[in-house]
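Every number in this text was worked out from the coordinates using simple rules, so none of it is lab data. Here the structure is a predicted model, which means the values were calculated and not measured. Backbone-built Cβ (ideal geometry, glycine too); neighbour counts: all protein chains shown.
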Amino acid sequence: MAATNYAHIVGWGIALPETVMTNEDLAAIVETSDEWIMARTGIKTRRIANDRESTATLGLKAAQQALDVADILPIELDLIIVATSTPESIFPSTASLIQDWLGAGSAGAFDLSAACSGFVYALDMAAQAIRSGSIKTAIVIGSETMSRVMDWQDRGTCILFGDGAGAVVLQARDTIGGVLSSVLRSDGSGHDLLGIPSVGSLDIQISALALQGRKPFKMHMAGGEVFKFATRVIGESLEQAAIKAGITLRDLKLIVPHQANERIIQAAARQLDLDRQLFMTNLEHYGNTSAASIPIALVEAIQQGRVTENDYIALVGFGGGLTWASIIVQWSGPLGENRFGPQRRQFTYALAAWRARLRRFIRRYTDLFNRIRPKHGRMLRLRKRIEQRINDI
Ligand code: COA
């Protein structure tokens, strides 16, 4: 193990659907108003995925942008983690799809489920893998299509959420900095406060959902309880993470909280006696994008010039589980070396698409041939040889 590995954030990207849903649009669906939503949440608009957009396509777009900023090739990735509560399917993982589309042939890939804390959890997993010396480069993506799991008749939840994705590239460097500390926590006794009943759910098995006023695959939430929980854990976990990093909250240049509710952020700032301006917010435009909210806000903070080299910044997430998590990062930024340029990556993506098509074609036809002549091993050997060649491209 190399003791000098530090996990630095060297690339970042976001993807947001074009379709904007305003509070007025919502007022046409449920009994609500712009005034009520703004006063209680601070949210004005949110983005909604169209028919061609999904958690995977948004995640891919954010990942490609992050690779461009880092100027690395997909083949250099060792690990892809997608934090999401709205995966493309229960399995295979959304991360595996993105791995294929990127052509990241040397990467492991998996989804991580920790609701709105997911991105911070995933960032910590990837950073720990880098710190241990087991991998060098990882991409961490938070991607959600919350609009697909909304109960559009429930005004207590559908006004809050939106769709989008954000991603960061983490890379090993021997200079001190990057992800310095983390605090991950969970309190499963609150699992009934916020969630999406799914396949395997005990609730579905005993057909008790209707009694509880819940719908399968649709989000439910006890808003008031979640509000109280959120205001309590933000301060607590930020303080713990700062102590672990050997700094105080006064040393922070920026705090990127999960973008759930303006009032939650104001309450946390008051509780910690910190200037509200220290907290990055963009929830007015995008609402709560769950695991995507922190990377989207982080990227916009970078684009607004709110972080410079060596700044201490904190990310803090909270949500279903219940889960909560904080991370302290000493900012470094991209390597600044011009290594490949975007055209080389575009070529890699095109090649990856052809390679995947060819693999599927070979699988289909060799299986068909083997079904007709089960003992004929020549076709299988040929398939193996061709697949080896494809892997080498
Ligand atoms: N428009 C208009 N009225 C609404 C409404 C809406 N969208 N949603 C609820 N109301 C009504 C309620 O029915 C209730 O009416 P009543 O007094 O006649 O019964 C009233 O407004 C107050 O409801 P309440 O739920 O107490 O409001 P609130 O101030 O707690 O705000 C939330 C509701 C959801 C905005 C708030 O609880 C919240 O933000 N919670 C945290 C949610 C969160 O961030 N979740 C994600 C964490 S990851």
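Are any residues in segment 280-293 away from the ligand (no atom under 11 Å from the Cβ) and either in a helix (DSSP H, G or I) or not hydroxyl-bearing (Ser, Thr, Tyr) (or both), and if so, which ones?
Quick first cut of segment 280-293, residues away from the ligand (no atom under 11 Å from the Cβ) only: 280-282, 284-286, 292.
Listed by number, the residues that qualify are Met280, Asn282, Glu284, His285, Tyr286, Ala292.
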| Can you pull out the residues in segment 57-112 that are closer than 18 Å to Gln171 by Cα, touching an Asp or Glu at 6+ places or on another chain (Cβ under 6 Å) and in a helix (DSSP H, G or I)? | none
| query | If Ser332 satisfies every condition in (1) within 16 Å of the ligand (Cβ to nearest atom); (2) in contact with a His (Cβ under 7 Å, 6 or more places away or on another chain); (3) closer than 20 Å to Val69 by Cα but one, which is the exception? | reply | (1)
| request: Hey, can you tell me all the residues within segment 36-73 that are among the basic types (Lys, Arg), over 16 Å from Met150 (Cβ atoms) and within 16 Å of the ligand (Cβ to nearest atom)? | output: Arg40, Lys44
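Taking the options Gln259, Gln271, Gln266, Gln277, name whichever one is surrounded by fewer than 18 Cβ atoms within 10 Å (Cβ to Cβ) and within 15 Å of the ligand (Cβ to nearest atom). First the steps, then the outcome.
Values: Gln259 fails: surrounded by fewer than 18 Cβ atoms within 10 Å (Cβ to Cβ); Gln271 fails: within 15 Å of the ligand (Cβ to nearest atom); Gln277 fails: within 15 Å of the ligand (Cβ to nearest atom).
Every option except Gln266 fails the conditions.
From the list Ala107, Ala95, which one is away from the ligand (no atom under 16 Å from the Cβ), under 17 Å from Ala291 (Cβ atoms) and not aromatic (Phe, Trp, Tyr)? Walk me through it before giving the result.
Numbers: Ala107 fails: under 17 Å from Ala291 (Cβ atoms).
Of Ala107, Ala95, the one residue that is away from the ligand (no atom under 16 Å from the Cβ), under 17 Å from Ala291 (Cβ atoms) and not aromatic (Phe, Trp, Tyr) is Ala95.
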| query | Pick from segment 6-41 the residues that are closer than 17 Å to Gly162 by Cα and part of a strand (DSSP E or B): which of them is farthest from the chain's Cα centre (by Cα)? | reply | Thr22
